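Visitor: Below is one structure. I have some questions about it.
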Amino acid sequence: MNPYIDLTIIVAKTAILALGGSITYYALRAYDRTGDRSLRELGVGFGIVTVGALLGGVSHQIIGADLAVGIAIDGLLTSVGFAVIVYSLYLE
(Lines give C-alpha, C1' and ligand atoms only; values in the text may rest on other atoms or scores of the structure.)
Protein backbone atom coordinates (compact mmCIF):
# COMPACT_ATOMS: atom_id res chain seq x y z
CA MET A 1 0.00 0.00 0.00
CA ASN A 2 1.07 3.55 -0.67
CA PRO A 3 2.78 5.01 2.46
CA TYR A 4 1.06 8.36 1.83
CA ILE A 5 -2.32 6.66 2.17
CA ASP A 6 -1.26 5.21 5.52
CA LEU A 7 -0.05 8.63 6.68
CA THR A 8 -3.29 10.26 5.49
CA ILE A 9 -5.34 7.69 7.41
CA ILE A 10 -3.29 8.26 10.57
CA VAL A 11 -3.60 12.05 10.33
CA ALA A 12 -7.35 11.90 9.62
CA LYS A 13 -8.07 9.43 12.43
CA THR A 14 -5.99 11.51 14.86
CA ALA A 15 -7.94 14.64 13.92
CA ILE A 16 -11.24 12.75 14.33
CA LEU A 17 -10.11 11.50 17.74
CA ALA A 18 -9.13 14.99 18.91
CA LEU A 19 -12.18 16.80 17.55
CA GLY A 20 -14.70 14.06 18.31
CA GLY A 21 -13.27 13.69 21.79
CA SER A 22 -13.64 17.44 22.32
CA ILE A 23 -17.27 17.43 21.18
CA THR A 24 -17.99 14.44 23.41
CA TYR A 25 -16.31 16.07 26.40
CA TYR A 26 -18.14 19.39 26.03
CA ALA A 27 -21.52 17.75 25.42
CA LEU A 28 -21.14 15.59 28.53
CA ARG A 29 -19.90 18.56 30.53
CA ALA A 30 -22.96 20.54 29.43
CA TYR A 31 -25.11 17.59 30.51
CA ASP A 32 -23.48 17.66 33.96
CA ARG A 33 -24.26 21.38 34.28
CA THR A 34 -27.84 21.26 32.99
CA GLY A 35 -29.04 17.68 33.52
CA ASP A 36 -30.52 17.76 30.00
CA ARG A 37 -30.77 14.15 28.75
CA SER A 38 -30.48 15.22 25.13
CA LEU A 39 -26.99 16.58 25.80
CA ARG A 40 -25.99 13.28 27.39
CA GLU A 41 -27.24 11.35 24.36
CA LEU A 42 -25.53 13.80 22.03
CA GLY A 43 -22.24 13.20 23.85
CA VAL A 44 -22.73 9.44 23.76
CA GLY A 45 -23.49 9.58 20.02
CA PHE A 46 -20.38 11.57 19.22
CA GLY A 47 -18.39 9.29 21.50
CA ILE A 48 -19.54 6.24 19.51
CA VAL A 49 -18.64 7.93 16.21
CA THR A 50 -15.21 8.83 17.60
CA VAL A 51 -14.55 5.34 18.98
CA GLY A 52 -15.63 3.88 15.62
CA ALA A 53 -13.05 5.96 13.80
CA LEU A 54 -10.41 5.01 16.35
CA LEU A 55 -11.17 1.28 16.18
CA GLY A 56 -11.31 1.34 12.40
CA GLY A 57 -7.89 2.95 12.22
CA VAL A 58 -6.38 0.75 14.93
CA SER A 59 -7.67 -2.42 13.28
CA HIS A 60 -5.92 -1.49 10.06
CA GLN A 61 -2.77 0.28 11.24
CA ILE A 62 -1.88 -1.67 14.39
CA ILE A 63 -3.61 -5.04 14.20
CA GLY A 64 -2.99 -5.34 10.46
CA ALA A 65 -6.56 -6.13 9.43
CA ASP A 66 -7.56 -5.49 5.86
CA LEU A 67 -8.49 -1.88 5.08
CA ALA A 68 -12.03 -3.03 4.25
CA VAL A 69 -12.41 -4.40 7.80
CA GLY A 70 -11.38 -1.04 9.24
CA ILE A 71 -13.81 0.76 6.97
CA ALA A 72 -16.60 -1.64 7.97
CA ILE A 73 -15.94 -1.12 11.70
CA ASP A 74 -15.79 2.64 11.23
CA GLY A 75 -18.96 2.69 9.12
CA LEU A 76 -20.95 0.49 11.48
CA LEU A 77 -20.10 2.49 14.59
CA THR A 78 -20.56 5.78 12.74
CA SER A 79 -24.09 4.78 11.75
CA VAL A 80 -24.90 3.71 15.32
CA GLY A 81 -23.46 6.95 16.67
CA PHE A 82 -25.45 9.04 14.20
CA ALA A 83 -28.61 7.15 15.18
CA VAL A 84 -27.96 8.10 18.82
CA ILE A 85 -27.34 11.73 17.77
CA VAL A 86 -30.63 11.82 15.84
CA TYR A 87 -32.37 10.36 18.89
CA SER A 88 -30.83 13.07 21.06
CA LEU A 89 -32.37 15.73 18.81
CA TYR A 90 -35.85 14.32 19.39
CA LEU A 91 -35.61 14.30 23.18
CA GLU A 92 -37.34 17.07 25.03
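Visitor: So how far apart, in nm, are the two label points at residue 10 and residue 23 if each is 7 Å from Cα heading toward Cβ?
Guide: Going from the residue 10 label point to the residue 23 one covers 2.5 nm.
Visitor: Summing -39500 (n - 2.57) over the DSSP H runs of n ≥ 4 in the chain and dividing by its residue number, what mean residue ellipticity at 222 nm do you reach, to the nearest 500 deg cm²/dmol?
Guide: -31500 deg cm²/dmol
Visitor: Cα centroid distance between the range 19-34 and the range 70-92, in Å?
Guide: Taking the Cα centre of each part, the range 19-34 and the range 70-92 sit 16 Å apart.
Visitor: Calculate what fraction, in whole %, of the accessible area of the range 1-77 sits on carbon and sulfur atoms when a 1.4 Å probe is rolled over the protein chains.
Guide: Carbon plus sulfur share of accessible area: 72 percent.
Visitor: I've got another one for you. Would you calculate the separation in nanometres between label points at residue 33 and residue 91, each defined as 7 Å from the Cα along the Cα-to-beta-carbon direction?
Guide: Here the modelled spin labels are 1.7 nm apart.
Visitor: A further question follows. Would you mind working out the accessible area per residue for the range 29-91, using a 1.4 Å probe, and quoting it in Å²?
Guide: 57 Å²
Visitor: Determine the relative contact order of the range 30-92: mean sequence separation of Cα pairs under 8 Å and six or more apart, normalised by residue count, in whole percent.
Guide: After rounding, I find 45 percent.
Visitor: Turning to a different aspect of this structure: So I have [x] 29, 13, 8; [y] 19, 16, 13; [z] 37, 17, 11, and one of them is semi-axes √(5λ) of the Cα gyration tensor in Å calculated from this model. Which one is it?
Guide: [x]
The values are calculated or read from the model by the stated rules, or taken from the named source; none is laboratory data. This structure is a prediction, so every number in the text was calculated from the model and none was measured. Glycine gets a Cβ as well: all are built from the backbone with ideal geometry, and neighbour counts include every protein chain shown. Areas reflect the complete protein model, heavy atoms only, side chains present, ligands, DNA and RNA absent. Shrake-Rupley method; radii C 1.70, N 1.55, O 1.52, S 1.80 Å.
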